[in-house]
1. With the checklist (1) under 17 Å from VAL108 (Cα atoms); (2) open to solvent by less than 80 Å² (accessible area, probe 1.4 Å); (3) modelled with pLDDT of 95 or more in hand, flag the one item ALA31 doesn't pass.
2. Can you pull out the residues in segment 1-22 that are closer than 22 Å to GLN119 by Cα and either surrounded by 10 or more Cβ atoms within 10 Å (Cβ to Cβ) or of a type in the set (A, V, I, L, M) (or both)?
3. Does LEU19 qualify as being part of a helix (DSSP H, G or I) and either in contact with a strand residue (DSSP E or B) (Cβ under 9 Å, 6 or more places away or on another chain) or among the charged types (D, E, K, R) (or both)?
4. Can you tell me which residue in segment 83-130 is farthest from GLU28 (Cα to Cα), limited to those that are among the charged types (D, E, K, R) and open to solvent by less than 50 Å² (accessible area, probe 1.4 Å)?
5. Within the bounds of segment 115-123, is there any residue that is within 23 Å of LEU19 (Cα to Cα), touching an Asp or Glu at 6+ places or on another chain (Cβ under 9 Å) and at pLDDT below 95?
6. Taking segment 42-77, which residues are open to solvent by 70 Å² or more (accessible area, probe 1.4 Å), assigned to a helix (DSSP H, G or I) and within 21 Å of LEU142 (Cα to Cα)?
7. Taking LEU80 as the residue in question, decide whether it is touching a Ser or Thr at 6+ places or on another chain (Cβ under 9 Å), surrounded by 13 or more Cβ atoms within 10 Å (Cβ to Cβ) and farther than 26 Å from MET15 by Cβ.
8. Out of the residues in segment 97-124 that are outside any loop (DSSP other than H, G, I, E, B) and among the β-branched types (Val, Ile, Thr), which is nearest to the chain's Cα centre (by Cα)?
Amino acid sequence: MGEREELLEAATDAMVVFLRRSVPRTAETVASLGLTLHQFRALVILYAEDGCTTTDLADAVGVHPSVATGIVQRMVQRGLFERHEDPVDRRIRRLTLTATGRELAGEVVGDARAQRRRQLEALDDAQLGQARELLDAMLAGLDTARAEV
């Protein structure tokens, strides 16, 4: 194995350990809300991208559109999501958060941001700058990979 491959493996392992250790808090939050993990992810995604379609949501959550339809239906029944006709194409239904959904998502996102901020406080200013640059590069890599699909 070459030096780059070893670095990739070590970085991947460290990232997996970090994510695994930070997940229990998220799992507790999801459970306390009475949501499934997919519903939780859909709530957060719609908070960031209000007005997306069920197909867009399926892609973002990583599920088949038929599964996303079930997720959306349950979230509508709970009063967290609403469906609206697209003003340009009446065949398309756009998803939006209700006031209750927006409030809940805001709390969840605020809690997650606070948790990530506490984790980042372990870094000094130079490390924070490096982390920001690295995360920006990783996000750009995600965007490139999505564009290629």
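The values are calculated or read from the model by the stated rules, or taken from the named source; none is laboratory data. Since we're looking at a predicted model, the values are computed, not measured. So basically every Cβ, Gly included, is an ideal-geometry build from the backbone, and we count neighbours across all protein chains shown. SASA here: full protein model, heavy atoms, side chains in, ligands and nucleic acids out. Shrake-Rupley method; radii C 1.70, N 1.55, O 1.52, S 1.80 Å.
1. That leaves (3) as the condition not met.
2. Passing the criteria: ALA10, ALA11, THR12, ASP13, ALA14, MET15, VAL16, VAL17, PHE18, LEU19, ARG21, SER22.
3. Considered against the rule, which asks whether it is part of a helix (DSSP H, G or I) and either in contact with a strand residue (DSSP E or B) (Cβ under 9 Å, 6 or more places away or on another chain) or among the charged types (D, E, K, R) (or both), LEU19 comes out as no.
4. That would be ASP89.
5. No, segment 115-123 contains no residue that is within 23 Å of LEU19 (Cα to Cα), touching an Asp or Glu at 6+ places or on another chain (Cβ under 9 Å) and at pLDDT below 95.
6. If the condition is that a residue be open to solvent by 70 Å² or more (accessible area, probe 1.4 Å), assigned to a helix (DSSP H, G or I) and within 21 Å of LEU142 (Cα to Cα), then TYR47, ALA48, THR55, ASP56, ASP59 are the ones that fit.
7. So LEU80 passes the test.
8. VAL109
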